[in-house]
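The values are calculated or read from the model by the stated rules, or taken from the named source; none is laboratory data. Since this is a predicted model, take the numbers as computed values, not measurements. Ideal geometry is used to build each Cβ from the backbone, glycine not excepted, and the neighbour counts take in all protein chains shown.
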Amino acid sequence: MFARAHFFKPHPNLCDEVNHNIVQSEIEGGVSLDDLPRASTLRIQTQNRWYTLVSCGRGRALISGHPQYCPRPVLVRIEGSSWGGSMLKRCYIGRGMHLEFLHPQYRTPIVTSRIREIRECDPALPASASAFLRDPAKVDTEF
């Protein structure tokens, strides 16, 4: 028997715009970080850049792809994705949304341009990421 999908039902206490955005995120698709196994690698194309994200578990990831914030892999906490306002879909990376992450060297979250595409990559990791992930104690104490 097929599992029944649980889709969002518009909530009467939310405005039409918020209900629309939540439904649209389900239509456009994305990935919940809670569903990603540790060391899963994603390539994320935004309007301006390509990012590489390696899941480290519990909302943390190694991310690279921005010349200022992460030219080399840096451990960050993925907050989630937003539609450009204050409403955040936690621990989620969604097409048509803006990825938000906390960088250890900046006080405010880094917000990307709109996400165009999300692709799962070959599990072969760069040597630096592989070495980093072999030391779970280090990953667990960074944030």
Just the residues that are in contact with a helix residue (DSSP H, G or I) (Cβ under 7 Å, 6 or more places away or on another chain) and either among the aromatic types (Phe, Trp, Tyr) or on the phi > 0 side of the Ramachandran plot (or both), please, taken from the stretch 58-91.
GLY59, TRP83, CYS91
When residues of the stretch 64-87 are filtered for being closer than 11 Å to THR52 by Cα, assigned to a strand (DSSP E or B) and not β-branched (Val, Ile, Thr), how many remain?
3
Subset of the stretch 56-81 (residues that are over 9 Å from the mean Cα position of the chain (by Cα), of a type in the set (S, T, N, Q) and closer than 21 Å to ARG119 by Cβ)
SER64
Residues located in the stretch 94-108, provided they are part of a strand (DSSP E or B) and modelled with pLDDT under 95:
GLY94
Filter result for ARG114 (on the phi < 0 side of the Ramachandran plot and loosely packed, with under 13 Cβ neighbours inside 10 Å):
no
I need a count of the residues in the stretch 35-58 that are free of Cβ contacts under 8 Å to residues at least 40 places away in the same chain, part of a strand (DSSP E or B) and buried (at least 18 other Cβ atoms within 10 Å of the Cβ).
1
Quickly run through the stretch 59-98 and pick out the residues that are touching a strand residue (DSSP E or B) at 6+ places or on another chain (Cβ under 9 Å) and surrounded by fewer than 16 Cβ atoms within 10 Å (Cβ to Cβ).
PRO71, ARG72, GLY84, ARG90
